[in-house]
1. For the stretch 230-252, check the following and say yes or no: at least one residue is more than 16 Å from the ligand (Cβ to nearest atom), in a loop (DSSP other than H, G, I, E, B) and closer than 20 Å to Ile28 by Cβ.
2. Based on what the data block shows, is Arg100 surrounded by fewer than 21 Cβ atoms within 10 Å (Cβ to Cβ) and more than 16 Å from the ligand (Cβ to nearest atom)?
3. Here is a check on your reading of the model: is Ala142 of a type in the set (Gly, Ala, Ser) and not in a strand (DSSP E or B)?
4. Only residues that are of a type outside the set (A, V, I, L, M) and touching a Lys or Arg at 6+ places or on another chain (Cβ under 7 Å): list them for the stretch 67-91, please.
5. Take the residues in the stretch 67-97 that are within 16 Å of the ligand (Cβ to nearest atom) and touching a Pro at 6+ places or on another chain (Cβ under 7 Å); name whichever of them is farthest from Phe7 (Cα to Cα).
6. Residues of the stretch 163-178 being surrounded by 16 or more Cβ atoms within 10 Å (Cβ to Cβ) and part of a loop (DSSP other than H, G, I, E, B), which ones?
7. Hey, could you check the stretch 103-113 for residues that are in a helix (DSSP H, G or I) and either of a type in the set (Val, Ile, Thr) or in contact with a Lys or Arg (Cβ under 9 Å, 6 or more places away or on another chain) (or both) and say which is surrounded by the most Cβ atoms within 10 Å (Cβ to Cβ)?
8. Can you go through Glu169, Glu131, Glu163 and tell me which one is in contact with a strand residue (DSSP E or B) (Cβ under 9 Å, 6 or more places away or on another chain), within 16 Å of the ligand (Cβ to nearest atom) and closer than 23 Å to Gly232 by Cα?
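Values in this text are rule-based calculations from the coordinates and carry no lab data. A quick note: this is a predicted structure, and the numbers were derived from the prediction, not measured. Cβ atoms come from the backbone with ideal geometry, glycine included; neighbour counts cover every protein chain shown.
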Amino acid sequence: MSERKPFIAANWKMFKTVGEAVAFTEAIQKEVGPLVDREVILAPPFTALAAVRGLMRAEGYRLAAQNCHWEEKGAFTGEVSLPMLRDVGCDFVILGHSERRHVFGETDGDVARKVAAAIRHRIPPVLCVGEKLEEREDGRTAAVVERQLSSALAGLGPSDVGELVIAYEPVWAIGTGRTASPEQAQEVHASIRERCAAVFDKDIANRVRIVYGGSVKPDNVDALMAQPDIDGLLVGGASLELASFRRIVQFVKL
Ligand code: PGA
């Protein structure tokens, strides 16, 4: 198995002013220090991207946006393009987050257009997939995740993958305090890796980082990270407080 550096991301959603984002960015680097065996990715709101980028000095810290539009420019009031994200120094862009899909009505087609555009602009996507509660209860988890993956990855070849990250985020676990068990998450992660082997090839499948999101907390992080196909975490609520995010970043290898 190839080395997959753990990818621990703070998705701040629509939280934190520029001042709050700046204070957090300085504090986490000071308290945790440079990183060698893991990466920390901060995903502030658009308004704080430039300020956070300007403060990222320690090794191992990287910047992500939470969304983008697929067009380069145009009359799209309220949208932000990939060249704009490049301009502020984004390393990644989160795409297809369940809140984008289910609160703002993004379709598989929208997500696919965004993924293709991000790859074209060489900003690797953090592609989010995951089933709703009723889909899990109906035994459709694998089919839903496969549909989302196939649609988002359609038309991409092995040379497009780059640093693509896939986030498995069961919708019923996001912000609910209800985490998937490590075994439930591992099962889906392993199937995502198999799918990547089928769509691309085995080497790429072994290289792609597949991260888990959904009520990750200091008390479940170590067990989640002990699973062989869980290569990192996308953390919402618990990333807002320095103490809890710090503990998550400093997960212990069991
Ligand atoms: P949560 O959010 O950790 O608050 O469940 C995760 C996410 O939405 O990425």
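1. Looking only at the stretch 230-252, we keep the residues that are more than 16 Å from the ligand (Cβ to nearest atom), and these are 250, 252.
The next check asks that each one be in a loop (DSSP other than H, G, I, E, B); those that pass are 250, 252.
Okay, now just the ones that are also closer than 20 Å to Ile28 by Cβ, so 250, 252.
For the stretch 230-252, residues more than 16 Å from the ligand (Cβ to nearest atom), in a loop (DSSP other than H, G, I, E, B) and closer than 20 Å to Ile28 by Cβ: present.
2. On the way: surrounded by fewer than 21 Cβ atoms within 10 Å (Cβ to Cβ): yes; more than 16 Å from the ligand (Cβ to nearest atom): no.
Taking the combined requirement at face value, the residue does not satisfy it.
3. Yes, satisfied.
4. Narrowing the stretch 67-91 to residues of a type outside the set (A, V, I, L, M): 67-74, 76-79, 81, 83, 86-87, 89-91.
Passing the criteria: Asn67, Cys68, Trp70, Ser81, Gly89, Asp91.
5. Leu95
6. Applying the first criterion (surrounded by 16 or more Cβ atoms within 10 Å (Cβ to Cβ)) to the stretch 163-178 yields 163-174.
Within the stretch 163-178, Glu163, Leu164, Glu169, Pro170, Ile174 meet the criteria.
7. At the first step, the residues of the stretch 103-113 found to be in a helix (DSSP H, G or I) are 108-113.
From the residues that got through so far, the ones that are either of a type in the set (Val, Ile, Thr) or in contact with a Lys or Arg (Cβ under 9 Å, 6 or more places away or on another chain) (or both) too are 108, 110-111.
Values: Asp108: 17, Asp110: 17, Val111: 23.
Here the answer is Val111.
8. On the way: Glu131 fails: in contact with a strand residue (DSSP E or B) (Cβ under 9 Å, 6 or more places away or on another chain); Glu163 fails: within 16 Å of the ligand (Cβ to nearest atom).
Glu169 is the lone residue from the list that is in contact with a strand residue (DSSP E or B) (Cβ under 9 Å, 6 or more places away or on another chain), within 16 Å of the ligand (Cβ to nearest atom) and closer than 23 Å to Gly232 by Cα.
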